[in-house]
Structure formats: structure tokens, C-alpha cells
Amino acid sequence: MNSDDPHGKRSLFESARPTDPSENHARGRQALFSTAAPRPGTVVVECSQCGEHKRIQTGDALTRILRVSLWVPLLKHNRWMRCPSCERRTWCRVGWLD
Ligand SMILES: [Zn+2]
């Protein structure tokens, strides 16, 4: 009777340990911060000041653009906005399809 109880508890603890979901979560966050592959709902902002490419949410990019509405289509870095990497107001390129 005594040997049956600890056995049941052990199997309970083993099933409760979430090893696979946490690994998937970490991998998902890594993919979110990398700028390698296009991801739906995000854009890549390239800064002319610090040269950083940063992937941010499309909504975040839109608020940054709408806060200061300067857009010069002829330039490569054609958006005057706050850079998500260095937080300076400078010319950035927003890769909507990146
Ligand atoms: Zn920057």
C-alpha cells in the first residue's frame, strides 16, 4: 500500500513538468527578435543613424510614423521617425514586406 502511493505521485510530477512548451516558447521569442525571415504582423525598420535593422510590430511602426508625419518618397530612408533601436529621431526605412 505504501509503495503504491509514492509511485502515483511520481507519475503526477512527471506529467506536470512542461519541458516541451517552454522550449517552443523560447524558440518563438528568438524568431520574433531575429530579422532573418518575414513574419506577418511585423515590419523591419532600418535606421540611417545607427544602421540597425529592428523587427517591430506593424502597429508600433504605425504609431511611430503617425506621431511625426514626415515622408519623402525619393529617399531610401524616407521616414522621419523615432528609431526603435537607438530611440533617436532620424531617417528610417520601414520594410513593410520584409
Ligand atoms: Zn537607430
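Can you pull the one-decimal nm distance between simple spin-label points at Leu75 and Arg39, each 7 Å off the Cα toward Cβ?
Here the answer is 2.8 nm between the modelled labels.
Each label point is 7 Å from the Cα along the Cα-to-Cβ direction; what then is the distance between the points at Thr63 and Ser48, in nm?
2.6 nm
Computed from the coordinates by the stated procedures, all read-outs in this text should not be read as laboratory data. Nothing here was measured: the structure is a model prediction, and the numbers come from that model. Cβ atoms come from the backbone with ideal geometry, glycine included; neighbour counts cover every protein chain shown.
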